[in-house]
């Protein structure tokens with residue numbers, strides 16, 4: 001798999017008419033070369049590759065890195081500049097979005113003979129469609145997280161704090177083999193459900209409230225993402241109405257997915273339904289985002305998206321309604337696109353759970 005990915009990166013070099021590709025984003029380095037540490041950079045030519053890291057990671061890189069010679073540095077910039085000058089390169093593509101201004105300015109000042117050009121668009125495209133190995137891991141991490149959530153919600157009761165719920169969920173994921181959590185969990189109960197990113201607080205759960213839980217695990221470096229909203233006791237008429245509106249909107253989007261469809265049109269499937277039910281002003285965020293090594297990846301589904309759905313993409317579908325002073329509902333699955341549609345890889349049933 002790694003070899004094929006490096007070949008794809010070298011195709012980027014050809015399209016950009018560059019001599020070298022400088023990779024600084026650690027997620028892209030992991031994807032291309034297999035390195036899982038926190039310090040390093042990757043340099044690729046049409047024929048060769050070099051991975052630069054410090055003494056903390058030399059042995060680890062020797063065991064993990066594929067497709068590049070490992071070089072230990074004591075000064076990152078000095079070693080990079082020396083390698084660039086030795087290569088004779090005149091055009092170097094790099095990840096402008098992953099580079100600090102200070103790093104870029106120093107690099108330009110020390111290598112004035114080199115023209116630097118952005119490879120951001122090309123690099124984003126590399127990880128958009130998942131390969132078979134990635135899909136296998138993504139299926140497993142989604143299963144770990146979903147199983148942990150079902151165990152956790154069975155233990156929910158009034159009087160628990162949102163933070164206690166988040167901790168129980170994290171422990172349950174780790175007990176199933178998760179390396180950690182893919183982001184700080186959102187546990188938002190009652191009126192706090194109106195906060196799309198209402199991270200778990202010391203608020204206590206109260207009978208009759210809706211509780212939204214947005215959570216994910218990490219397994220073998222890949223993330224999961226799923227959201228459920230449950231009710232602590234019998235829901236009232238408005239809670240049912242809002243929940244069923246979000247669920248129907250999500251199902252409409254799930255049913256609509258197919259290769260060749262624009263993400264803008266997919267977003268509209270859910271957004272228009274919610275608007276027709278009178279809740280349009282309460283759905284402010286995009287419908288979804290890609291998931292993989294990072295919890296938020298290309299592509300995005302929103303009214304501004306310019307991307308098109310492709311077979312093998314993995315992304316979330318997560319409509320929501322957030323009403324200030326009342327609360328909210330979000331329902332989210334992560335899906336993988338097939339030839340004719342999509343299927344969820346997250347596994348918690350999305351009918352309203354009444355606890």
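Looking at 92, 124, 101, which one is at pLDDT 95 or above and closer than 15 Å to residue 9 by Cβ?
Just a single option satisfies the conditions, and that option is 92.
Tally up the residues in segment 186-199 that are within 15 Å of residue 216 (Cβ to Cβ) and crowded, with 21+ Cβ neighbours inside 10 Å, please.
2
Looking at this structure, is residue 248 touching a residue at least 12 places away in the same chain (Cβ under 8 Å) and either assigned by TED's automatic domain parsing to the domain that holds residue 36 or touching a helix residue (DSSP H, G or I) at 6+ places or on another chain (Cβ under 8 Å) (or both)?
yes
Among the residues of segment 125-148, write down those that are assigned to a loop (DSSP other than H, G, I, E, B), surrounded by 15 or more Cβ atoms within 10 Å (Cβ to Cβ) and in contact with a helix residue (DSSP H, G or I) (Cβ under 8 Å, 6 or more places away or on another chain).
127, 130
Take residue 294 and tell me if it is buried (at least 22 other Cβ atoms within 10 Å of the Cβ) and under 27 Å from residue 127 (Cα atoms).
no
Give the residues of segment 318-331 that are in a strand (DSSP E or B) and surrounded by fewer than 24 Cβ atoms within 10 Å (Cβ to Cβ), sorted by residue number.
Hits for segment 318-331 are 322, 323, 330.
Give the number of residues within segment 336-352 that are out of contact with any helix residue (DSSP H, G or I) (no Cβ under 7 Å at 6 or more places or on another chain), crowded, with 21+ Cβ neighbours inside 10 Å and closer than 20 Å to residue 169 by Cα.
Residues that pass the stated criteria total 0.
From the list 21, 7, 32, exactly one residue is surrounded by 14 or more Cβ atoms within 10 Å (Cβ to Cβ) and assigned to a helix (DSSP H, G or I). Which is it?
Exactly one of 21, 7, 32 is surrounded by 14 or more Cβ atoms within 10 Å (Cβ to Cβ) and assigned to a helix (DSSP H, G or I), namely 32.
Within segment 208-225, does at least one residue satisfy the condition of being in contact with a helix residue (DSSP H, G or I) (Cβ under 8 Å, 6 or more places away or on another chain), surrounded by fewer than 20 Cβ atoms within 10 Å (Cβ to Cβ) and within 29 Å of residue 294 (Cβ to Cβ)?
yes
Sort out which residues of segment 229-244 are surrounded by fewer than 24 Cβ atoms within 10 Å (Cβ to Cβ) and either under 26 Å from the mean Cα position of the chain (by Cα) or within 22 Å of residue 199 (Cα to Cα) (or both), and write them in order of number.
230, 231, 232, 239, 243
Got a sec? Which of 177, 193 is assigned to a loop (DSSP other than H, G, I, E, B), in the same structural domain as residue 283 (by TED's automatic domain parsing) and either over 18 Å from residue 319 (Cα atoms) or touching a residue at least 60 places away in the same chain (Cβ under 8 Å) (or both)?
So the residue among 177, 193 that is assigned to a loop (DSSP other than H, G, I, E, B), in the same structural domain as residue 283 (by TED's automatic domain parsing) and either over 18 Å from residue 319 (Cα atoms) or touching a residue at least 60 places away in the same chain (Cβ under 8 Å) (or both) is 177.
Restricting to segment 111-124, count the residues that are in contact (Cβ under 8 Å) with a residue 60 or more places away in the chain and surrounded by fewer than 17 Cβ atoms within 10 Å (Cβ to Cβ).
Final tally of qualifying residues: 1.
The values are calculated or read from the model by the stated rules, or taken from the named source; none is laboratory data. Source: prediction; values computed, not measured. Backbone-built Cβ (ideal geometry, glycine too); neighbour counts: all protein chains shown.
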